[in-house]
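Notes to accompany the following structure.
The values are calculated or read from the model by the stated rules, or taken from the named source; none is laboratory data. Quantities reported herein were computed from a predicted structural model and do not represent experimental measurements. Virtual Cβ from ideal backbone geometry, glycine too; neighbours counted across all protein chains shown. What goes into the accessible areas is simple: the full protein's heavy atoms, side chains included, and nothing from ligands, DNA or RNA. Shrake-Rupley method; radii C 1.70, N 1.55, O 1.52, S 1.80 Å.
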Amino acid sequence: MSKTSFLLWCLLAIFTSCCYSMPLSVQKRWIIDDATGKRVKLHCAHWVAHAKPMLAEGLNKMPLNDIAANVAKAGFNCVRLSYATYMFTRHANQTVRHTFSTLDIPEMVTAIDKHNPTILNMTHLEAYEAVVDALGAHGVMVLIDNHVSLPKWCCSKEDQNGFFGDRHFNTDEWIQGLAFIAHHFKGKRNVFAMDLRNELRGSRQNLPDWYKYVTQGAKTIHEISPDFLVVISGISFDNDLSFLKNKALGLNFTNKIVYESHIYSFSGDSKKWNLQPVNWVCHSVLQTLHSQSSFLLSGDNPAPLLVSEFGYDMTGADSADNKYLACVAAYFASVDLEWSLWAFQGSYYYRQGRVGPGEHYGVMNDDWKSYRDPHFSQKFQLLQRMVQDPNSKASKSHIMFHPLTGYCVHVNNTNTLVMGNCKTNRLWNFEGNGSPIRLMDSALCLKAAGEGLPPTLSEDCLSPQSSWKTVSMTGLHLATLDKKGGLLCLERDSNTSQIVTNKCICIGDDDSLCLDNPQSQWFKLVPTNMFS
């Protein structure tokens with residue numbers, strides 16, 4: 001980096017550090033800015049720094065400042081930046097160069113020296129902090145994630161990193177690591193949270209120890225850095241917090257506690273997506289998510305939930321992942337959930353014995369220069385927007401969202417429905433099954449014209465063809481009647497990209513043999529109170 005570039009980077013860091021909404025706190029199920037009381041929605045990406053090299057991935061591909069800029073350009077407002085406990089309890093003062101020499105991957109040393117020459121002679125602590133600062137210079141917040149203790153790829157039940165008391169999960173050293181991080185990053189303007197531990201798991205897991213050590217860890221962080229949010233995972237690979245229904249955690253700083261959960265297509269069994277009706281599987285997956293974690297969002301004492309890992313094969317090659325993504329995207333949008341996508345990194349220095357492998361779940365390609373999924377930006381546009389505001393006085397309306405593509409439904413100048421981006425959208429009013437879907441601030445409502453035909457916007461809102469209901473287990477099919485009394489569902493025509501109505505696909509609750517993919521017909525009326 002030239003002297004001029006370095007000075008510009010420093011000025012940018014100083015300028016942007018003044019503008020964070022920090023610290024953050026919790027108000028019921030929402031995360032808010034302490035100073036203003038306004039909601040802050042987290043839409044994050046994970047960036048691996050916990051593996052054997054103990055360095056944030058990608059510094060062999062391009063300058064750190066450019067990677068941080070690309071995180072912000074991709075629409076993420078925060079990064080879940082992982083570390084291994086031993087990085088700071090045993091190796092904090094060891095240099096990056098020394099660690100790479102022990103791994104015997106000289107090609108990576110040469111590449112890092114080309115793009116980030118100052119990094120190699122930094123200690124692991126200095127290099128980690130440099131990543132935090134680079135993200136801060138581009139307005140990106142950081143959640144510091146304790147991923148493992150022993151630096152390695154994660155996770156398995158037998159890796160001895162999984163639960164309190166495992167060989168590589170000494171509780172005293174774990175607390176020592178949390179305290180070190182909390183002290184060192186206290187006051188860092190873009191660090192807003194620490195999580196206690198990723199994916200608790202294994203044969204040792206039990207609830208008495210969970211309550212004991214989670215309480216200790218949370219108190220350790222809060223006593224040292226009371227401004228930080230503390231993010232808490234459950235058990236069974238971060239899938240299960242259901243035990244909180246029977247016994248609350250009992251901390252006295254609940255305004256700083258956020259819970260986290262993970263969900264992938266393979267959570268449980270990925271084969272189900274291709275062997276059972278998609279509506280069935282999606283409904284079952286979301287029921288499980290609700291029973292195990294998203295129940296926290298509602299009830300008498302709601303709390304924030306961050307889905308801190310979810311993701312999909314961005315090459316498009318995994319059909320189960322493709323079906324799963326549309327399912328969870330519809331749900332995330334409907335409740336305006338906080339989330340962190342696995343993952344941003346396009347490749348690794350060294351993973352499970354391989355040098356330089358790519359990450360199929362990575363936002364970036366192997367070269368870190370382009371998106372692995374060319375439709376990534378569109379798919380995540382609505383999920384990166386805030387659509388529910390706890391302080392809003394606006395009346396509730398709806399955004400019509402097509403989760404398979406990430407598009408929202410617009411109305412053009414000739415009052416025809418068209419698919420468009422979700423940066424802006426038209427709003428709709430829907431009072432429930434049997435009601436018309438009305439275009440807000442107009443006398444027009446959606447009316448079916450017949451099978452294979454585009455619906456119209458009509459002033460005839462009392463006809464059976466203007467009466468809509470959600471059908472199927474998922475509630476993602478919007479259906480009305482044709483003139484003969486048969487059901488027609490909204491559908492995105494894959495050939496023309498027009499919105500039409502067609503016979504509903506696989507909506508029967510007892511149709512176990514229907515394996516056609518209905519997701520072209522999935523439309524979610526996403527509630528919003530952000531717009532009048």
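Report whether or not E173 is surrounded by fewer than 18 Cβ atoms within 10 Å (Cβ to Cβ) and touching a residue at least 60 places away in the same chain (Cβ under 8 Å).
In short, yes.
A quick yes/no check of all residues on (1) open to solvent by less than 40 Å² (accessible area, probe 1.4 Å); (2) free of Cβ contacts under 8 Å to residues at least 12 places away in the same chain; (3) touching a Cys at 6+ places or on another chain (Cβ under 7 Å); (4) not polar (S, T, N, Q):
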site	(1), (2), (3), (4)
C327	yes, no, yes, yes
L337	yes, no, no, yes
Q345	yes, no, no, no
Y349	yes, no, no, yes
G353	no, yes, no, yes
S377	no, no, no, no
T405	yes, no, no, no
V409	yes, no, no, yes
G420	yes, no, yes, yes
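Out of segment 123-139, which residues are part of a loop (DSSP other than H, G, I, E, B) and either surrounded by 22 or more Cβ atoms within 10 Å (Cβ to Cβ) or free of Cβ contacts under 8 Å to residues at least 12 places away in the same chain (or both)?
none
Given the criteria part of a loop (DSSP other than H, G, I, E, B), over 24 Å from N517 (Cβ atoms) and either in contact with a Pro (Cβ under 7 Å, 6 or more places away or on another chain) or not aromatic (F, W, Y) (or both), does D367 qualify?
Judged against the criteria, D367 is a match.
Mind telling me which of the residues R197, R189 ends up being of a type in the set (K, R) and open to solvent by less than 30 Å² (accessible area, probe 1.4 Å)?
The unique qualifying residue is R197.
Kindly establish whether N495 is open to solvent by 70 Å² or more (accessible area, probe 1.4 Å), among the polar types (S, T, N, Q) and out of contact with any helix residue (DSSP H, G or I) (no Cβ under 7 Å at 6 or more places or on another chain).
Considered against the rule, which asks whether it is open to solvent by 70 Å² or more (accessible area, probe 1.4 Å), among the polar types (S, T, N, Q) and out of contact with any helix residue (DSSP H, G or I) (no Cβ under 7 Å at 6 or more places or on another chain), N495 comes out as yes.
Which number in (1) under 22 Å from E359 (Cα atoms); (2) not in a loop (DSSP other than H, G, I, E, B) marks the one condition that C155 misses?
(2)
Which of the residues belonging to segment 360-372 are open to solvent by 10 Å² or more (accessible area, probe 1.4 Å) and closer than 27 Å to D159 by Cα?
Across segment 360-372, the qualifying residues are H360, Y361.
Considering only segment 164-180, state which residues are in a loop (DSSP other than H, G, I, E, B) and either more than 27 Å from the chain's Cα centre (by Cα) or closer than 28 Å to S347 by Cα (or both).
Matches in segment 164-180: G165, D166, R167, H168, F169, N170.
Return the total of residues in segment 85-106 being aliphatic (A, V, I, L, M) and either in contact with a Cys (Cβ under 8 Å, 6 or more places away or on another chain) or open to solvent by 30 Å² or more (accessible area, probe 1.4 Å) (or both).
Number of matching residues: 1.
In segment 475-487, which residue that is open to solvent by 30 Å² or more (accessible area, probe 1.4 Å) and at pLDDT 95 or above is farthest from the chain's Cα centre (by Cα)?
L481
Of the residues L525, L490, which single one is in contact with a helix residue (DSSP H, G or I) (Cβ under 8 Å, 6 or more places away or on another chain) and open to solvent by less than 50 Å² (accessible area, probe 1.4 Å)?
Only one candidate passes the filter, namely L490.
Can you find a residue in segment 259-269 that is polar (S, T, N, Q), crowded, with 19+ Cβ neighbours inside 10 Å, in a loop (DSSP other than H, G, I, E, B) and in contact (Cβ under 8 Å) with a residue 24 or more places away in the chain?
Yes, segment 259-269 contains at least one residue that is polar (S, T, N, Q), crowded, with 19+ Cβ neighbours inside 10 Å, in a loop (DSSP other than H, G, I, E, B) and in contact (Cβ under 8 Å) with a residue 24 or more places away in the chain.
Is it the case that A317 is touching a Lys or Arg at 6+ places or on another chain (Cβ under 8 Å) and either more than 26 Å from T220 (Cβ to Cβ) or at pLDDT 95 or above (or both)?
In short, no.
What about V231, is it in contact (Cβ under 8 Å) with a residue 40 or more places away in the chain, touching a strand residue (DSSP E or B) at 6+ places or on another chain (Cβ under 6 Å) and among the aliphatic types (A, V, I, L, M)?
Criteria met by V231.
Within segment 453-468, can you find the residues that are closer than 15 Å to N502 by Cα and surrounded by fewer than 20 Cβ atoms within 10 Å (Cβ to Cβ)?
L453, P454, T456
Being open to solvent by less than 10 Å² (accessible area, probe 1.4 Å) and either outside any loop (DSSP other than H, G, I, E, B) or at pLDDT below 95 (or both) is the filter here, so list the residues in segment 290-308 that pass it.
S294, L305, L306, V307, S308
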